[in-house]
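The values are calculated or read from the model by the stated rules, or taken from the named source; none is laboratory data. Since we're looking at a predicted model, the values are computed, not measured. Methodologically, a virtual Cβ is constructed for each residue, glycine included, from the backbone with ideal geometry; neighbour enumeration extends over all protein chains shown. The protein model used for the area step is the full one, side chains on, heavy atoms only, and it has no ligands, DNA or RNA in it. Shrake-Rupley method; radii C 1.70, N 1.55, O 1.52, S 1.80 Å.
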Amino acid sequence: MIEFQNVSVTFSQKKKKINAVENVSFSIPQGSVFGIVGGSGAGKSTLLRTINGLQAVSEGNVIVDGTNISNVRGRELRELRKNIGMIFQHFNLAESKTVFQNISFVLENGNMSREDIKKRVEELLDFVNLSDKRDAYPSRLSGGQKQRVAIARALANNTKILLCDEPTSALDAETTASVLELLKKVNRELGVTIVIITHELDVVKNICTNVAVMNQGRLEELGEVYETFTEPRTAFTKQLIAHTQDFTIPDKVIEHLGGDIVKLTYLGERAEEAVLSDTTSEYDVKYNILHGKIEYIGEKPMGILYINLTGDNNAREKTRKALSERVEKLEVIFSA
């Protein structure tokens, strides 16, 4: 569906050459929800805009549905863009137009009759659950509702590809969850290929099947989301993911704890097993949970647990060894 072939994008700024994207190659399968992540200046937004020709490439090719976007101009490019919708962090709605008018606007340059436009807009409003906001202006909508309007507008021309540029960055946690559920519905029921760029790794865990990690314009890592988050291959990706997994225990707390402080990482079905209680009971070691969570990535569980083990030194050593054989990874953070 979408293929980047040795894509580079170079800018000139104050007589200085800036490589925003450098020799990037990978494919995005049709019907997938694909995430592109990385820090500020990683080249995510630049790469995304090459898909619909808003950003020209300096070298390489971007193939969209069999067409090299770099070779398309004028009317052909406009026709291609009709199949590619885009939503943004700040919604980009026309404040002087109603919800209905914001969506119908993108259909008015085609050959659709007024009745067909009305029917299509009403279908979209029902799909995004905003039928009751038909005649409201954006100023009367919440952030989540505005993004739903933007999604409806982006889908108006029976979109095949939906590009999402930080679509949840301006939303609170609850609203983010509802917008992500809507995007899942778009993918599941309409078969739309979705490409999301974001710095929020929880968004990628929630919705994406595959992910590309960008770093300073280069492709750092590529793979399925679960494997990338549970077994990152590069130092940069490990550091990026660590920010969402690490838990800092204050020194004053450590001073008052005896025994060991251990970090356990569980993957797959074992994230839901009673591994800890079974093992500590066997060796007569007591444990106290300092911090922990189980999260689901593509419906597969991953658990991280920080615990304090207390008891006889020999028993603790046997417990650590037994635990290490039953979990994915065991790290001793502190040992008294």
*Inside segment 320-333, can you point out the residues that are open to solvent by less than 70 Å² (accessible area, probe 1.4 Å) and either touching a His at 6+ places or on another chain (Cβ under 7 Å) or of a type outside the set (Gly, Ala, Ser) (or both)?*
ARG320, LEU323, VAL327, LEU330, GLU331
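Go over the candidates LEU257, LEU264, LEU240, LEU222 one by one and state the one that is of a type in the set (A, V, I, L, M) and modelled with pLDDT of 90 or more. Let's see the steps before the verdict.
Values: LEU257 fails: modelled with pLDDT of 90 or more; LEU264 fails: modelled with pLDDT of 90 or more; LEU240 fails: modelled with pLDDT of 90 or more.
The unique qualifying residue is LEU222.
Are any residues in segment 6-17 part of a strand (DSSP E or B) and open to solvent by 60 Å² or more (accessible area, probe 1.4 Å), and if so, which ones?
So in segment 6-17, the residues part of a strand (DSSP E or B) come out as 6-13, 16-17.
The answer is ASN6, PHE11, SER12, GLN13, LYS16, LYS17.
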_Any residue in segment 26-37 that is within 17 Å of LEU183 (Cα to Cα) and assigned to a loop (DSSP other than H, G, I, E, B) sitting within a Cβ distance under 7 Å of a residue that is open to solvent by 10 Å² or more (accessible area, probe 1.4 Å) and of a type in the set (S, T, N, Q)? List the pairs, counting only those 6 or more apart or interchain._
SER32/THR209; SER32/ASN210
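Among the candidates ALA274, ALA242, ALA235, which residue alone is of a type in the set (Gly, Ala, Ser), without any contact (Cβ under 8 Å) to a residue 12 or more places away in the chain, open to solvent by 50 Å² or more (accessible area, probe 1.4 Å) and within 30 Å of ILE197 (Cα to Cα)? Walk me through it before giving the result.
Details: ALA274 fails: within 30 Å of ILE197 (Cα to Cα); ALA242 fails: open to solvent by 50 Å² or more (accessible area, probe 1.4 Å).
Answer to the check: ALA235.
Okay, residues lined up against (1) in a helix (DSSP H, G or I); (2) open to solvent by 10 Å² or more (accessible area, probe 1.4 Å); (3) modelled with pLDDT under 95:
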{"position": "ALA150", "(1), (2), (3)": "yes, no, no"}
{"position": "ALA170", "(1), (2), (3)": "no, yes, yes"}
{"position": "THR175", "(1), (2), (3)": "yes, yes, yes"}
{"position": "ARG188", "(1), (2), (3)": "yes, yes, no"}
{"position": "ILE194", "(1), (2), (3)": "no, no, no"}
{"position": "LYS205", "(1), (2), (3)": "yes, no, yes"}
*Residue that is free of Cβ contacts under 8 Å to residues at least 60 places away in the same chain, open to solvent by less than 30 Å² (accessible area, probe 1.4 Å) and more than 30 Å from GLU181 (Cβ to Cβ), where the choices are THR248, THR279*: THR279
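Every residue, every condition in (1) crowded, with 17+ Cβ neighbours inside 10 Å; (2) among the hydroxyl-bearing types (Ser, Thr, Tyr); (3) farther than 24 Å from LEU80 by Cβ, yes or no:
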site	(1), (2), (3)
TYR137	no, yes, yes
LYS146	yes, no, yes
HIS199	no, no, yes
ASN210	yes, no, no
*Looking at THR50, THR67, which one is more than 18 Å from the chain's Cα centre (by Cα), open to solvent by less than 50 Å² (accessible area, probe 1.4 Å), closer than 26 Å to LYS184 by Cβ and in contact (Cβ under 8 Å) with a residue 12 or more places away in the chain?*
THR50
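So, LEU257, is that one surrounded by 12 or more Cβ atoms within 10 Å (Cβ to Cβ), of a type outside the set (Gly, Ala, Ser) and closer than 30 Å to GLU227 by Cβ or not?
Numbers: surrounded by 12 or more Cβ atoms within 10 Å (Cβ to Cβ): yes; of a type outside the set (Gly, Ala, Ser): yes; closer than 30 Å to GLU227 by Cβ: no.
No; evaluated as a whole, the condition is false for this residue.
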*Among (1) in contact with a Ser or Thr (Cβ under 7 Å, 6 or more places away or on another chain); (2) within 30 Å of ASN19 (Cβ to Cβ); (3) buried (at least 21 other Cβ atoms within 10 Å of the Cβ), the one test that LEU163 misses*: (1)
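Let me confirm something: among ILE84, ILE63, which residue is at pLDDT 90 or above and under 30 Å from GLN145 (Cα atoms)? Write out each step before concluding.
Working: ILE63 fails: under 30 Å from GLN145 (Cα atoms).
Within the list ILE84, ILE63, the selection yields ILE84.
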*Would you be able to tell me the number of residues in segment 285-319 that are in a loop (DSSP other than H, G, I, E, B), out of contact with any Lys or Arg (no Cβ under 7 Å at 6 or more places or on another chain) and either open to solvent by 90 Å² or more (accessible area, probe 1.4 Å) or under 20 Å from VAL253 (Cα atoms) (or both)?*
2
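Scan segment 38-76 for residues that are in a loop (DSSP other than H, G, I, E, B) and in contact with a helix residue (DSSP H, G or I) (Cβ under 9 Å, 6 or more places away or on another chain) and jot them down.
Of all residues in segment 38-76, those in a loop (DSSP other than H, G, I, E, B) come to 38-43, 51-58, 65-66, 72-73.
If the condition is that a residue be in a loop (DSSP other than H, G, I, E, B) and in contact with a helix residue (DSSP H, G or I) (Cβ under 9 Å, 6 or more places away or on another chain), then GLY38, GLY39, ILE51, ASN52, GLY53, LEU54, GLN55, ALA56, VAL57, ASP65, VAL72 are the ones that fit.
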*Considering only residues that are assigned to a strand (DSSP E or B) and over 11 Å from GLY35 (Cβ atoms), look in segment 212-221 and name the one that is most open to solvent (accessible area, probe 1.4 Å).*
ARG218
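Results for (1) on the phi > 0 side of the Ramachandran plot; (2) in contact with a strand residue (DSSP E or B) (Cβ under 8 Å, 6 or more places away or on another chain), shown as yes or no for each residue.
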{"site": "LYS44", "(1), (2)": "no, yes"}
{"site": "GLY74", "(1), (2)": "yes, no"}
{"site": "LYS82", "(1), (2)": "no, no"}
{"site": "ASN111", "(1), (2)": "no, no"}
{"site": "GLU115", "(1), (2)": "no, no"}
